[in-house]
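Asks: Before I ask anything, here is the structure I am working with.
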Amino acid sequence: DGRVIAVAGAKGGVGKTTTAINIGVALAEAGETVAIVELDLAMANIIDFLQFEPERTLHDVLSGTVPTTEALYPIEERLHVLPAGTELAEFNAINVAALAPVIRSLRPAYDFVLLDTAAGVSPETIYPLRLADEVMIVSTPRVASIRDAKKTIELAHRVNGEVAGVVFNRAGTGRAPPPERLAGFLETDLIGAIPEDETVAAAQDMSRPVTLFDPDSDAAAAFHEIADTLVLSD
Ligand code: ADP
Ligand code: MG
């Protein structure tokens, strides 16, 4: 069965969605089959990162009107995305407990299931920590982000989630201590570091993952390195 990895971190804008998508692309290029499930149910935005306009979403799946397989969109060979609905009205009707059977149904179908989680601390963010086999924390090397990462780690432990480690995104700028030291402060393993890279923003402006938009960029190389680490730890 596939591995379910929650990409989490309580602070918004640290790069959870960027990381989930680009690791997904890199895993798919390494030959793995991948499903990314967008669990940012209130502030869904994964469609802004990718060129597609879904007619069916996770909201339809959770309300029982659409089978899971019909809301999975192929982005690349071996990479499928299950997007959340973008309307506030849809969010109001959500029942997070209905997520468990959806995720369970994806396990046998993919090598990796990546859960792109929301910022903040709410049932919507906590429940995926419980459903996943492993939690990948994403943080920037900044104090405010690390403080929020610590909270997510505590929450994961509270619901018996397994924290695999931390990815530091937008690393290498300012005067932040080295990623190894920051991971030590969080008492968790360092999975990898992604540099601050303007190509990431440029790629997003084109609704393309940086791993496809500019495969030779430093950021793309960092995402591939993390994907390789995941495959090796299988
Ligand atoms: P989150 O999902 O945690 O809210 P996002 O993945 O949406 O964060 O990223 C927030 C913004 O930061 C996006 O506009 C993205 O393009 C930008 N960004 C993310 N990672 C990097 C990076 N390594 N270098 C430059 N910009 C980045
Ligand atoms: Mg996001």
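The values are calculated or read from the model by the stated rules, or taken from the named source; none is laboratory data. Please read these numbers as outputs of a predicted model, since none were measured by experiment. Cβ sites come from the backbone with ideal geometry, for glycine too, and all protein chains shown count toward neighbours. We work out accessible area using only protein heavy atoms, side chains counted, and drop any ligands, DNA or RNA first. Shrake-Rupley method; radii C 1.70, N 1.55, O 1.52, S 1.80 Å.
Asks: Positive end of the charge dipole of region 3-232 (Lys, Arg +1 and Asp, Glu -1 on Cβ, about the Cα centre): tell me which of Gln51, Phe112, Ile5 has its Cα farthest that way.
Replies: Highest projection toward the positive end goes to Ile5.
Asks: Can you sort His157, His80 by solvent-accessible area, 1.4 Å probe, largest first?
Replies: His157, His80
Asks: Near Ala20, within a Cβ-to-Cβ distance under 12 Å, what is the net charge of the other residues, with Lys and Arg +1 and Asp and Glu -1?
Replies: -2
Asks: So if each residue of separation counts as 0.36 nm, and I subtract the Cα-Cα distance between Asp189 and Arg104, what length gain in nm does that give?
Replies: Gain in length upon complete extension: 27.9 nm.
Asks: I'd like the accessible area for Glu70: 1.4 Å probe, protein heavy atoms, all chains in place, Å² to the nearest 10.
Replies: About 90 Å², ignoring ligands and nucleic acids.
Asks: Can you tell me the orientation of helix 143-158 relative to the chain, as the angle in degrees between its alpha-carbon axis and the longest Cα principal axis, to the nearest 10?
Replies: With both axes taken from Cα atoms, the answer is about 50 degrees.
Asks: Follow-up. What nm distance separates the two modelled labels at Arg175 and Arg158, each placed 7 Å from Cα along Cα→Cβ?
Replies: Going by the 7 Å Cα→Cβ label model, 3.4 nm.
Asks: So if I take the alpha carbon set of region 3-232, get Rg, then get Rh from the Kirkwood formula, what is the Rg over Rh ratio?
Replies: Rg/Rh: 0.94.
Asks: Helix-only mean residue ellipticity at 222 nm, the chain, DSSP H runs n ≥ 4 weighted -39,500 (n - 2.57), per residue, nearest 500. What is it?
Replies: So the helix-based figure for the chain works out to -11500 deg cm²/dmol.
Asks: Which of Leu115, Leu99, Leu79 moves most in a GNM of the chain, Cα contacts under 10 Å?
Replies: Per the Cα network of the chain with a 10 Å cutoff, Leu99 tops the list.
Asks: Report the residue, chosen from Asp116, Asp48, Asp60, that carries the largest GNM mean-square fluctuation when the chain is represented by alpha-carbon nodes joined by springs under 10 Å.
Replies: Asp48
Asks: Hey, in the GNM for the chain with a 10 angstrom Cα cutoff, which one of Ile75, Ile191, Ile36 fluctuates hardest?
Replies: Between Ile75, Ile191, Ile36, it is Ile75 that shows the largest mean-square fluctuation.
Asks: Between Glu53 and Glu76, what is the label-to-label distance in nm when each label sits 7 Å out along the Cα-to-Cβ direction?
Replies: 2.5
Asks: Measuring with a 1.4 Å probe in the full set of protein chains, what accessible area per residue, in whole Å², belongs to the chain? Spell out each step's value before the answer.
Replies: Details: 10550 Å² over 234 residues.
Counting only protein heavy atoms, the per-residue value for the chain is 45 Å².
Asks: Return a whole-number percent for the relative contact order of region 3-232, with Cα pairs under 8 Å and 6 or more residues apart as the contact set. Intermediate results must be reported in sequence, preceding the final value.
Replies: Values: 469 pairs, mean separation 62.6, N = 230.
The value is 27 percent.
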